[in-house]
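Some notes on the structure that comes next.
Every number in this text was worked out from the coordinates using simple rules, so none of it is lab data. Just so you know, these numbers come straight off a predicted model, no measurement behind them. Neighbour counts are summed over all protein chains in view; Cβ atoms, including those assigned to glycine, are modelled from backbone coordinates with ideal geometry.
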Amino acid sequence: MVQLAPSIYAADYYSLGEQMKVMEEEGISILHLDVMDGQFVPGFSFGPEFIAKLRPHSRQHFDVHLMTQQPQNLIRQCVESGADTILLHWEAFEDEKSLLNAVESIHNFEKKAGIVLNPETELSALTPDLWKKADKLQLMTTRPGRKGQSFLTFSLERFRQAKLTAEQLDVQTELQADGGVNLSNIQQLIASGAETFVVGNGLFTGKLRENIKAYQAVLTEGRAGDEAVFYRD
């Protein structure tokens, strides 16, 4: 199933309540929430407290992307704030063991764990053990931490390689693209193996409802049914 994950970082916070209602009405079942500390990446966003304030107003799956130093220290707070998936940067950990421990910690809370690779990080950094433990692999398709960057076209080959590796290892790791995704490259990403697409400015610039419909029209061919699969009870 191919699907959108709107990036709340790009939303209009003054109108966020209305925008969240529009997204749910239009069948958006995942919201992507970037937690940035201004140190691991240049940008600074919001923390678990902000996510906790959103949680009572949304049934959508919260996909929380930790772009911070020491992300393992935020896992419990993110879970308590209402995260459903927690995404960890490979680059934020000293070694594979510490990353595996963080992934295990997320799973112990009965949440999904994802691993994120920056554009410069080789796919070979993801060992078979990490592939087997990760519910999701997010490949950054721009350099993280700033809005409005251009899509890095070499990312298409990275998704092709990631899809092939997942097939060879016989794992069901979801492949997610984040950064510069727009209507002109999303079909290429689908063809390369990406399944979920984090979209920010492309959705929130202009009329949100119309933008969602435009993206969904492009995704329709690859969509396995119309029902959103990640809504909470």
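List the residues whose amide H sits under 5 Å from the amide H of Q3, counting only those 5 or more places along or on another chain, with H placed 1.01 Å from N in the peptide plane.
Close amide H contacts, sequence-distant or interchain: T196, F197.
What is the distance in Å between the Cα centroid of the range 15-53 and that of the range 62-119?
17 Å
Return M23, M67 ranked ascending by Cβ neighbour count within 10 Å, so the fewest neighbours appear first.
With the fewest neighbours first, M23, M67 line up as M23, M67.
Over the Cα atoms, compute the radius of gyration (one decimal) and Dmax (the largest Cα-Cα distance, rounded to a whole number) for the chain, in Å.
Computed over the Cα atoms of the chain, radius of gyration and Dmax are 16.3, 46 Å.
As a footprinting exposure proxy, order D34, D95 by other Cβ within 10 Å, with the fewest listed first.
D95, D34
When the helix-only estimate is applied to the chain (DSSP H runs of n ≥ 4, each -39,500 (n - 2.57), divided by the residue count), what is the mean residue ellipticity at 222 nm, nearest 500 deg cm²/dmol?
-10000 deg cm²/dmol
Pull up the cross-link candidates among the aspartates and glutamates for K213, meaning alpha carbon to alpha carbon under 19 Å and not fewer than 8 places away within one chain.
Here the aspartates and glutamates satisfying the reach criterion relative to K213 are D12, E18, E24, E25, E26, E195, E221, D226, E227.
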